[in-house]
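Just below is one structure, and these are the notes that go with it.
No lab work stands behind these numbers, since they all come straight from the coordinates. As the structure is a prediction and not an experimental result, all values here were calculated from the model. As a convention, Cβ positions derive from the backbone with ideal geometry for all residues, glycine included, and neighbour counts pool all protein chains shown.
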Amino acid sequence: MKRYKIIFKGRVQGVGFRYKALMIAKSLGLLGSVKNLYDGNVEVILQGSKDLVVQFINLIENESFIRVESKVINELGIDESLDKFEILY
């Protein structure tokens, strides 16, 4: 089990990114959150197996209307209190 903070940059706001992230994360059984940042980027916190996190990234990058130009990935410590994936506002 791993936990990552990923900042997605590109055309990632106003294109359904948060909703798609929620649907993909739930389908893969990942925990965490997604939120828009004031600088136009999107922050995703994902907790689960590394393979599922890689799968999440591949799926979100291939969604229609979303164009990820770059991403920054940082590993975080496990958060035992996480019990779902949610959209934060």
Exercise for the section: Filter the range 26-81 for residues that are surrounded by 16 or more Cβ atoms within 10 Å (Cβ to Cβ), hydrophobic (A, V, I, L, M, F, W, C) and in a strand (DSSP E or B) and give the result. Expected result: LEU31, VAL34, VAL42, VAL44, ILE45, LEU46, VAL68
Problem - Failed item, numbered, when LEU22 is tested on (1) over 9 Å from the mean Cα position of the chain (by Cα); (2) assigned to a helix (DSSP H, G or I) - result: (1)
Exercise for the section: Kindly indicate which of GLU63, GLU43 is more than 10 Å from the chain's Cα centre (by Cα) and acidic (Asp, Glu). Expected result: GLU63
Problem - Checking LEU46 against (1) at positive phi; (2) touching a Phe, Trp or Tyr at 6+ places or on another chain (Cβ under 6 Å); (3) not acidic (Asp, Glu), the condition it does not meet - result: (1)
Handout entry: Test for GLY10: is it in a strand (DSSP E or B), within 14 Å of PHE85 (Cβ to Cβ) and either within 10 Å of the chain's Cα centre (by Cα) or not hydroxyl-bearing (Ser, Thr, Tyr) (or both)
Key = no
Practice task
Output the number of residues of the range 22-64 satisfying the condition of being among the acidic types (Asp, Glu) and free of Cβ contacts under 8 Å to residues at least 12 places away in the same chain.
Solution key: 3
Practice task
Starting from the range 65-89, keep only residues that are among the small types (Gly, Ala, Ser), then list their pairs with residues that are surrounded by 13 or more Cβ atoms within 10 Å (Cβ to Cβ) whose Cβ atoms are within a distance under 6 Å, requiring at least 6 positions of separation or different chains.
Solution key: SER70/LYS9
Completion exercise
Of the listed residues (SER81, SER49), the one being over 11 Å from the mean Cα position of the chain (by Cα) and over 15 Å from TYR4 (Cβ atoms) is SER81
